[in-house]
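The values are calculated or read from the model by the stated rules, or taken from the named source; none is laboratory data. Computed from a predicted structure; not experimentally measured. No Cβ is skipped: glycine too gets one built from the backbone with ideal geometry, and neighbour counts run over all protein chains shown.
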Amino acid sequence: MDDAHVTAKGPPRFKVLLPILLGIAANVLALAPDKPFHQYVQERWSTQAGLPQVSGNAITQDGMGYIWVGTQTGLARFDGTRFTTFTPANTPALPGVWIRVLRTDAKGALWVGTYQGVTVHDERGFRTITPPAGMPAPDVQDIAFAANGAVFVATEQGVFTVSGDQLHELEGAPRPARAIWVNAEGVWIGSVGGVVRIKDGVSHTLQLPHAMSDVAVTALREVGGRLWLGSRRGLFVRDGESWRQVPLQAPGFNDGLVTFLQDDHDGNLWVGSEHGLVRLRNERPQEWVDARSPGYIKAPLSAFEDREGICGSVANPKGWCVCGVAGPVATVRWKACMSLCSGR
């Protein structure tokens, strides 16, 4: 596939198509304030729509507005009408078919983490980020960006920075590195049993409670000036130099596997778990979908908020759908929608 031809296409027509896909009126501010988000019409995406596979691992939106979906057999781009698939066979700069993470930087470029390394897609097309000399391509788990544009890649082999389209190992980082976040306090790296913070070359570890010394960190996210941590044993928030567990407190949920953390423009924290999806505000559940709910989403894996602040999407390992999810967001009306991907 000629990537130059692909990148030359105009921006997708999401402003027109998304309300149709989501089964929601075009004026999202007019959504009924007492209607739970799972009551809206769902439309499912599958291989029939052009996805390379129904096992979705990651999803994001780039600076042009295209939605990208990472699966176990390749990368797909949705332009509002159809999916275009990218694999190492038609895109040599893509290092592996199993896509683990997708992130969009401040300039709108797409960063793709695979089990065999990293690639980036921007106005120049796809290009591979090469590993350090003599080192095999790392198994990527997460990608984060600093305010100055620096890129940090968390992998099973440690953490790497990116310079000149090449990975450079970050000294003092733990192995494995499963999640990463960057703020003014430093680089936060989730591993097993805790989080390592690196600032000015100095490492400091914030351990999980002693009984969880063997528990893997699965996600890190800063919301409202507070650092949140997802793990295989529940949700935590940073409290000084320690982590405090935050029970989800929603019916049907317990302190099990947290699959992702995502914030929105209104300061809500969306928590994906093995039991479904919960929206938290001030540490309390505001809305949730569990096994007893219509539109149940089991173990969603990834989420993003639309750049217009009105739509998000979630990936699930068993399939794909788009469902309009309107819910009370902060103190405003039901202006936000969330697209949720799941299988049945």
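Against the test of being closer than 24 Å to W188 by Cβ and free of Cβ contacts under 8 Å to residues at least 12 places away in the same chain, the options N57, N148 yield a single qualifying residue, N148.
Results for (1) hydrophobic (A, V, I, L, M, F, W, C); (2) modelled with pLDDT of 90 or more; (3) more than 26 Å from S191 (Cβ to Cβ), shown as yes or no for each residue.
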site	(1), (2), (3)
P52	no, no, yes
V69	yes, no, yes
D79	no, no, yes
F86	yes, yes, yes
V97	yes, yes, yes
V118	yes, yes, no
F126	yes, yes, yes
I129	yes, yes, no
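Each residue in the stretch 122-164 was checked for being of a type in the set (G, A, S) and in contact with a Lys or Arg (Cβ under 6 Å, 6 or more places away or on another chain), and 1 of them qualify.
Across the stretch 142-163, the number of residues qualifying as assigned to a strand (DSSP E or B) and either acidic (D, E) or surrounded by fewer than 22 Cβ atoms within 10 Å (Cβ to Cβ) (or both) comes to 7. Residues satisfying the criterion are absent from the stretch 96-104 (criterion: crowded, with 20+ Cβ neighbours inside 10 Å, of a type outside the set (K, R) and over 19 Å from the mean Cα position of the chain (by Cα)). For the stretch 124-140, indicate whether the set of residues that are closer than 17 Å to A179 by Cβ and not β-branched (V, I, T) is non-empty. Among the residues of the stretch 124-140, at least one is closer than 17 Å to A179 by Cβ and not β-branched (V, I, T), which makes the answer yes. Listed by position, the strands (runs of 3 or more DSSP E) inside the stretch 250-318 whose residues that are at pLDDT 85 or above number at least 1 are 258-263, 269-273, 276-281, 284-289. Within the stretch 167-204, the set of residues being assigned to a strand (DSSP E or B), among the polar types (S, T, N, Q) and touching a Pro at 6+ places or on another chain (Cβ under 9 Å) comprises S203 only. Filtering the stretch 175-217 to residues that are charged (D, E, K, R) and farther than 14 Å from G234 by Cα leaves R175, R178, E185, R197, K199, D200. Looking across the stretch 164-210, just one residue is surrounded by fewer than 16 Cβ atoms within 10 Å (Cβ to Cβ), under 22 Å from the mean Cα position of the chain (by Cα) and closer than 20 Å to D139 by Cβ, and that is R175.
The residue pairs whose first member lies in the stretch 182-195 and is over 19 Å from D105 (Cα atoms), whose second member is acidic (D, E) and surrounded by fewer than 20 Cβ atoms within 10 Å (Cβ to Cβ), and whose beta carbons are closer than 7 Å, counting only pairs six or more residues apart or on different chains, are V192/D214; G193/D214. Give the stretch 122-141 a look and list any residue that's closer than 29 Å to A216 by Cβ and assigned to a strand (DSSP E or B), or say none. Across the stretch 122-141, the qualifying residues are T128, I129, T130, V140, Q141. When G256, G230 are checked against the criterion of being without any contact (Cβ under 8 Å) to a residue 40 or more places away in the chain, among the small types (G, A, S) and either over 15 Å from R284 (Cβ atoms) or crowded, with 16+ Cβ neighbours inside 10 Å (or both), G256 stands alone in meeting it.
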